[in-house]
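I have a structure I would like to understand better, so I am pasting it below and will then ask my questions one at a time.
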Amino acid sequence: MKKIKFPDFFKEWLKLIKKNKNKILKKKIIGSIIRNGKIRSILVDTKIKTKNNKIFERSVLIEKPGVIIIPVLYYKKTSYTVLVKQFRICRGEDTFEFPSGQAENNNIALEAIKELKEETSIKINKTDLKKLDSIQMITSSNSSVAHYFYFEKKINKKFLNFLDNKITGNISENELLSLKVFKIRDLYKINIANIFSGLTMLRKKKIIKF
């Protein structure tokens, strides 16, 4: 019988379960999402015995870690950012979010820089990128961890105009994105977890004070 070769992000999930002193009694792969020849996510039915000898049977979607990048752009005395507008199937409509995507490898910072360039055309160096925090997105049924980053940049009006309403995206991934410039202070009107979490982290780091 041919041994299944699991992707690295699945192996990392298995390590995490064992690191927390749990024992996996059963793991049955129900299905997987493959796009462009790469496994994007795996649905697995599990039975786990905890270190306290409790048994849990759950199905969980194992996914690659995510990266979220917050541009903090200073023009004169005002702080701006750029959001990505894209269609989200789970909502059935367009949403505004900070630039984000799945990390293809374990070099999370470089993956964030790559994602930022793909979605916004903004190029930054690794030294410009600063880590905010990492959070578990949905604890009950999804393994996804989001790694938040930000960078700060003084800009001019021409750069703001260049970003506003720009069409971007990775065509090979069926992405059709558009950008929108916002004053950071106005983001509180947008009820999206991606944005709410990012603003909370920026306040905690005292990058914004409102």
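Name the residues in segment 76-104 that are open to solvent by 70 Å² or more (accessible area, probe 1.4 Å) and not basic (Lys, Arg), would you?
Selection gives 87, 89, 90, 93, 94.
Looking only at residues that are among the hydroxyl-bearing types (Ser, Thr, Tyr) and closer than 22 Å to residue 204 by Cα in segment 118-156, which one is most open to solvent (accessible area, probe 1.4 Å)?
127
Restrict the check to segment 184-199 and report whether at least one residue is of a type in the set (Val, Ile, Thr), within 16 Å of residue 100 (Cα to Cα), open to solvent by less than 80 Å² (accessible area, probe 1.4 Å) and not in a helix (DSSP H, G or I).
yes
Let me ask you something else. Looking at the structure I just gave you, is residue 109 within 14 Å of the chain's Cα centre (by Cα), open to solvent by less than 50 Å² (accessible area, probe 1.4 Å) and at pLDDT below 95?
Here the answer is no, as residue 109 does not meet what is asked.
Got at least one residue in segment 79-102 being out of contact with any Pro (no Cβ under 9 Å at 6 or more places or on another chain), among the aliphatic types (A, V, I, L, M) and either touching a residue at least 60 places away in the same chain (Cβ under 8 Å) or farther than 29 Å from residue 191 by Cβ (or both)?
no
Tell me yes or no: at least one residue of segment 1-23 is part of a strand (DSSP E or B) and of a type in the set (Val, Ile, Thr).
no
A quick yes/no check of all residues on (1) of a type in the set (D, E, K, R); (2) in contact (Cβ under 8 Å) with a residue 40 or more places away in the chain:
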site	(1), (2)
8	yes, yes
21	yes, no
37	no, no
46	no, no
65	no, yes
71	no, yes
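The values are calculated or read from the model by the stated rules, or taken from the named source; none is laboratory data. Bear in mind that the values here come from a model prediction, so they are computed numbers and not experimental data. Every residue, glycine among them, receives a Cβ derived from its backbone with ideal geometry; neighbour counts consider all protein chains shown. Side chains included, ligands, DNA and RNA excluded: accessible areas come from the protein's heavy atoms. Shrake-Rupley method; radii C 1.70, N 1.55, O 1.52, S 1.80 Å.
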